[in-house]
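Taken together, the values in this text are just the output of simple stated rules run on the coordinates, not laboratory data. These numbers were taken from a predicted model, which means no experiment stands behind them. Positions of Cβ are backbone-derived with ideal geometry, glycine not excepted, and every protein chain shown enters the neighbour counts.
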Amino acid sequence: MRANIKFIVITVFIALLGIVIGRISIAQTDAVYEDLRTFTEVFSTIKKHYVDEVNQKELIRSALKGMVNSLDPHSAYLTPEAYKEFQTETKGEFGGIGIQIGIKDNALTVIAPIEDTPAWRAGIKAGDKILKIDGQSTKDMNINDAVSKMRGPKGKSVVLTIQREEWKEPKDITIVRDIIKIKSVKYKMIDKEIGYVKLTQFQETTAQDLANALKSLKDSGMSSLILDLRNNPGGLLQSAVDVSEQFLPPKHLVVSIKSKSGEKMDYYTENLRATYTNIPMIVIVNQGSASASEIVAGALQDWGRALIIGVQTFGKGSVQSLIPLSDGSALKLTTAKYYTPKGKSIHTVGIMPDIIVKLESKSGKEVPVIREKDLEQHHKGEKVEPQEKALQEVDEKDDTQLQRAIDILKGWKIMEKLKKAA
């Protein structure tokens, strides 16, 4: 009898809980419809009473951009034109000036110029605030619109109004656009035995280009390697995995991503590219090393495969998924976060080098560092300790980070000889 009563009580409780949940669900739905009704009302009022004629499609697109831009610095609504442009960029070629930008203190700010591009040659520096593009104020302009305005055909100039910390007033800098061919892999030999590879971005062909570069260096007598990821803003996730597996044995975890629902996806190395798993290796990073760069550095650090030197990285540990929409547009939406093989979150924290090596310039003058935690509306991450400012770019002969890496590898070789002798 007591069992029956208990069963009835539980049944009634579940039924009541279902009614409550149902009412909450209906209430939430009603609230959504009420908000949509307000949106329609605003749209209709603008159409009817705004002093000038409005383009309905542009009005709706602006509303969509505003909605997505409110989420975080990396999510965006891409018009059909912007979506095609974005797909072109991942292949490593587009018309523009060559800079990475973000929003800091409500201002459009240069994160870093891309090496060997018009912006880099024009003297644009990290920390520069872009106040105007061709005379149009960038106040409240989102990143994708700013990028679109700076993109354009080769030979056509764009004027950026720049405010720099040490300048008393803004200056107009005219930059002539060019076809930006991002050569993602650059390499050379140092002192006849140290291979040097700089990755500028993670594109579709980066892993294969890296494999070709490493083979060429090996044929030239490479016995140790420096992988330079400084000012590399990232790129394709799969490219980062494909790069990592050239230095790690098969079946090693490179990165995990976790979604809102808690669903986890692990990316492991395969046995296709594991060719350079034993060569002494140093990775150089700085505050401009972001996203895919941090995945590679984090994986090599966690597995003890390479020594990481430089300064703390940018801290962009979020995953953006491209979701095509029915009209040819798309959403670039943050859908997950990255975690290193040891389960450490990269987001806003970045990768802390094994050895801190700061850049030193002759002038010693500092420029602001832009990291993920400095961007507007970034996703909250783990606590981050205050970091140093980056120094100005320096010539290779004054590059203390590179010179430190070379010295360590030379010492490494000497120690190996001593071990063998012993």
Item checked: Computed over segment 93-180: relative contact order in percent, which uses C-alpha pairs under 8 Å that are six or more apart -> 33 percent
Next item on the list: Could you pull out every residue, at least 5 positions away or on a different chain, whose amide H is within less than 5 Å of the one on Gly95? Hs are placed 1.01 Å off N in the peptide plane, and Pro or chain starts have none.
Entry: Gly152, Ile180
Checklist line | Relative packing of 133-144, 198-209, 36-47, which averages over residues the other C-beta atoms within 10 Å, highest first | finding: 198-209, 133-144, 36-47
Next item on the list: Report, by chain and number, residues whose modeled amide H sits under 5 Å from the one on Asp228, excluding near sequence neighbours (fewer than 5 apart, same chain).
Entry: Val197, Lys198, Leu199, Ile284
Margin query: Report the Cα centroid-to-centroid distance between segment 214-235 and segment 108-174 in angstrom, as an integer.
Written below: 31 Å
Item checked: Span from the segment 42-86 Cα centroid across to the segment 249-263 one, whole angstrom -> 35 Å
Notebook entry, point to check: Based on the mean of other beta carbon atoms within 10 Å per residue, what is the order of 291-300, 320-329, 159-168, most packed first?
Noted result: 291-300, 159-168, 320-329
Checklist line | Taking all pairs of distinct alpha-carbon atoms in segment 93-180, Kirkwood radius in angstrom | finding: 12.7 Å
Checklist line | Antiparallel %, DSSP beta bridges [both residues in segment 93-180], to 5 | finding: 100 percent
